Amino acid sequence: MKLLLACFLIAVAIFLFKLMRRSTAKEYAPVHTPDPIQAITQLAEEGNVHVQYKLAGLCCNKEPKDYRKAVHWYMKAAEQGHLDAQCLLIMEYSRFLTNRDYEQLKQWLHAKAENGDGRTKFSLGKLYLKLSDYEQALYWYRLASSQGYGPADCQIGTMYEYGIGVPQDYKQAEEWFIKGGPYSEPRWHLFMMYSRMASEGDIEAQYKLGFQYRYGGSVDRCDSSFGIDYKQALSLFRKLAEQGHADAQFQLAQMYNDGVGVTQNDVLAIYWYRKAAEQGVASAQFRLGIKYKLGQGFQQDDTLAQEWFEKAYSNGYPREES
């Protein structure tokens, strides 16, 4: 009897031990996470256009990235009229496209571009640029620009800057870059164009480059978050001021007056204000009047102050700001 009881207890113990091992194995077994790409590939192969577009994005975001497979699925979606896929292929993945891909995209985009938004026209323009059809590229870029699509302005500016399909014209390029708005790409193009022109000895480009270093942005649109470098600005303005550039003389005076990038110095500020004022710079004339009015660097003299104020007003300085 005792033997049977002992066998029974051993059997129960073995059963419980095996049960515990099975439970522990399940608890600590690695969890299998399904691959999202495999999970939706079948739907994409069945022709679901939204899944094809999503699958292409997943191929770009996984590690390692598979751009060629992404292009395959973007092309599948583009073939079914998916506009985002068509535009992305041209703007982001053109290096992976074949000539046959370009011809297909041209056909698909033409069907939508005439009545489409600025981005669609811009994408078609970029496609033509890739195909070296500059006349058509410029045509579609201009249409995109007319709908307020800033990147098109930047591309037109680039064409004029480098003479791509049009005569090289820095002035036209500058106008298109400025028209492109307060976005980083046109501002960067302006900066690089001014830098190249300045290195070639263009005086006005040197001044505009100095202005970008001083204030950021372009000469008609300041942006303190872009391109500030007071040391470079001071160097360019001083060089130009010594050559007699009136606007540079005024900007140099401002930097000395405000102590920006240099130790504040009333004597040098007044010196360069006077140089610019004598060349008819209204802002310099007005500030020279203020110096006389307040007796800063001069003996206070209301008569001379008023004379400089009147000169400034006659040269266009607004009275309401005085």
Might you check whether a residue that is without any contact (Cβ under 8 Å) to a residue 12 or more places away in the chain, out of contact with any His (no Cβ under 8 Å at 6 or more places or on another chain), assigned to a helix (DSSP H, G or I) and closer than 30 Å to GLY157 by Cβ occurs anywhere in the stretch 120-128? no
Take LYS69 and decide whether it is among the basic types (Lys, Arg), open to solvent by 50 Å² or more (accessible area, probe 1.4 Å) and either more than 22 Å from LEU131 (Cβ to Cβ) or modelled with pLDDT of 90 or more (or both). yes
Considering every residue within the stretch 153-164, establish whether at least one is modelled with pLDDT of 95 or more and part of a loop (DSSP other than H, G, I, E, B). yes
With criteria (1) free of Cβ contacts under 8 Å to residues at least 40 places away in the same chain; (2) buried (at least 23 other Cβ atoms within 10 Å of the Cβ), ILE228 comes up short on (2)
Within the stretch 297-312, considering residues that are of a type in the set (D, E, K, R) and under 48 Å from the mean Cα position of the chain (by Cα), the one least open to solvent (accessible area, probe 1.4 Å): GLU310
Of the residues in the stretch 117-174, those that are surrounded by 16 or more Cβ atoms within 10 Å (Cβ to Cβ), under 20 Å from LEU83 (Cβ atoms) and of a type in the set (Gly, Ala, Ser) come to GLY118, SER123, GLY125, ALA137, ALA144, SER145, GLY150, ALA152
SER132 meets each of (1) closer than 16 Å to ILE90 by Cα; (2) in a helix (DSSP H, G or I) with one exception, condition (2)
Looking at (1) at pLDDT 90 or above; (2) under 24 Å from ILE40 (Cβ atoms); (3) not in a helix (DSSP H, G or I), which is the one condition that is false for TYR74? (3)
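Tell me which residues, restricted to the stretch 90-105, are within 23 Å of GLY150 (Cα to Cα) and at pLDDT 90 or above. Can you show your working first?
Of the stretch 90-105, the ones within 23 Å of GLY150 (Cα to Cα) are 90-94, 105.
Within the stretch 90-105, LEU105 is the sole residue that qualifies.
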For the stretch 98-116 the number of residues that are open to solvent by less than 50 Å² (accessible area, probe 1.4 Å) and among the acidic types (Asp, Glu) is 1
Take the residues of the stretch 74-97 that are open to solvent by less than 70 Å² (accessible area, probe 1.4 Å) and among the polar types (S, T, N, Q): which is farthest from LEU55 (Cα to Cα)? SER94
Subset of the stretch 263-283 (residues that are surrounded by fewer than 17 Cβ atoms within 10 Å (Cβ to Cβ) and within 34 Å of the chain's Cα centre (by Cα)): THR263
Taking the condition in contact with a strand residue (DSSP E or B) (Cβ under 9 Å, 6 or more places away or on another chain), touching a residue at least 24 places away in the same chain (Cβ under 8 Å) and assigned to a helix (DSSP H, G or I), does ARG214 pass? no
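The values are calculated or read from the model by the stated rules, or taken from the named source; none is laboratory data. Keep in mind that what you see is a predicted model, and the values were worked out from it rather than measured. Backbone-built Cβ (ideal geometry, glycine too); neighbour counts: all protein chains shown. Ligands, DNA and RNA are stripped out before the accessible areas are found, and what is left, the full protein with its side chains, is counted by its heavy atoms. Shrake-Rupley method; radii C 1.70, N 1.55, O 1.52, S 1.80 Å.
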